[in-house]
1. Kindly indicate which of F20, F36 is modelled with pLDDT of 95 or more and of a type in the set (F, W, Y).
2. Go through the stretch 210-228 and give me each residue that's in contact with an Asp or Glu (Cβ under 8 Å, 6 or more places away or on another chain) and not basic (K, R).
3. For the stretch 319-373, name all the residues that are under 23 Å from Y402 (Cα atoms) and among the basic types (K, R).
4. Tally up the residues in the stretch 329-354 that are closer than 18 Å to V35 by Cβ and not aromatic (F, W, Y), please.
5. What single numbered condition from (1) at pLDDT below 95; (2) over 30 Å from M219 (Cβ atoms); (3) buried (at least 17 other Cβ atoms within 10 Å of the Cβ) fails to hold for M78?
6. Mind listing whichever residues of the stretch 112-126 are open to solvent by 10 Å² or more (accessible area, probe 1.4 Å) and at positive phi?
7. Going by the conditions given, is Y302 modelled with pLDDT of 95 or more, of a type in the set (F, W, Y) and in contact with a His (Cβ under 9 Å, 6 or more places away or on another chain)?
8. Which of the residues that make up the stretch 32-46 are open to solvent by 20 Å² or more (accessible area, probe 1.4 Å) and touching an Asp or Glu at 6+ places or on another chain (Cβ under 8 Å)?
Amino acid sequence: MLKKTKAVLLSLAVISSSVFAVDYPQWRGEGRRGVFSETNLIDSIPADGPAIKWTAQGIGDGYSSVIAVGDLIYTTGMKDKTATISALDRNTGNIAWQKPYGTSWTEKQYAGERTTPTYDNGKVYVFGPHGQLHCFDALNGNQLWAVDTFANYGGRNITWGVSESVVVEGDMVICTPGGENAALVALNKNTGELIWKSPISDKSAYCSAVVVDYAGFRMLVTMLDKNIYGINVVDGKVLWQVAHKVAYDINAVTPIVDKDIVYVSNGYKLGGKAFKIAPDASSVTELWQDKRLDCQLGGLSYSDGVVYGINLKGNIVALELTTGRVIAISEPFVGKGALIMADGKLFCYGESGKVGIVAFDGSSFTLAGSFEVTQGEKEHWAHPVIAQGVLYIRHGDCLMAYNVSAK
């Protein structure tokens, strides 16, 4: 299964531009599917771990992942209770620029920044934990505009702070302030002026949305605290919705959408559900449920009709999207955590601090080596990223760049 994925990704790398091959401007890679179009990566991890290219400190505390565009890496963190965005040189790890954007999440439980930035056309967007959306010049960090979506649109915060990587679509940047009559809003990406607000009353639920083409619509699919929604990106109107109330209102895993199927997964033993979208996008019907892939925070990877994720027990689960059939379940190689796919392999970062490469032959998983992350503090929650043969692991105030290229 993953061997087929490797061949497909290699073909894409050959026919696509160099920008596509090495730039990852948004959360969890191309299409937010947890797949990175890298090739020629190592097949196993040496006993002493991969070579460290560099380690950066001073980015602040938090759980933000990174994006990689051109010569810069972008992430967020909390410095002296202030939310801070940093741009780092991809080759050295040196901080190219660093800018504040308001008060960070300073509560005792899980303090720090939790939002991965989004890049588009020379600008970087970041949504703070108290609903402030900021736009920066990507090269020099100059703030171009900022909007307080809580104040302007009646937004309401949630238990552990807004944690959303915003979507940039056409001339819009879309976020989820969770207002009673403005759960989602679309702002002009160049000015911050309102384009539309979606008149639904749900709160945000830690989810970063995905946008797909379906039935002639550009459709945003997201999970809020009470429902899953399909939203018309043009005007913010609801195309379809389905009730989905979960423990602690944590709908943190970006949905997988392929053709007419939407798949969502939740922790706390709730597991996953798949829905079939009506041909006219006016409704959805439930296809199947499965509780074995109860992914809480670590994200899903999807390729060739198969969904991969790590459940609460730390097992990697591979299941068939159309039927829900579980193809394989691994041992808990790195424990509960985050997972991404690149070059036909799974790269897993456990909450234990262990990082592993896992191979899959279509019927079983094999651990191809692992190593421990020893730098940084607090929870190991940031999702890994691979760009231009480098694996980025973030742990608290530390960002580590490991050489995983086989060249």
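The values are calculated or read from the model by the stated rules, or taken from the named source; none is laboratory data. Model, not experiment: these values are computed from the prediction. Virtual Cβ from ideal backbone geometry, glycine too; neighbours counted across all protein chains shown. For the accessible areas, the whole protein counts, side chains as well, though only heavy atoms, and no ligand, DNA or RNA atoms are used. Shrake-Rupley method; radii C 1.70, N 1.55, O 1.52, S 1.80 Å.
1. Matching residue, one of F20, F36: F36.
2. Within the stretch 210-228, V211, Y214, A215, M219, L220, L224, D225, N227 meet the criteria.
3. The answer is K336, K345, K354.
4. 11
5. Evaluating M78 over (1) at pLDDT below 95; (2) over 30 Å from M219 (Cβ atoms); (3) buried (at least 17 other Cβ atoms within 10 Å of the Cβ) leaves (1) as the failure.
6. Result: N121, G122.
7. For Y302, the condition - modelled with pLDDT of 95 or more, of a type in the set (F, W, Y) and in contact with a His (Cβ under 9 Å, 6 or more places away or on another chain) - is not met.
8. Within the stretch 32-46, T39, N40 qualify.
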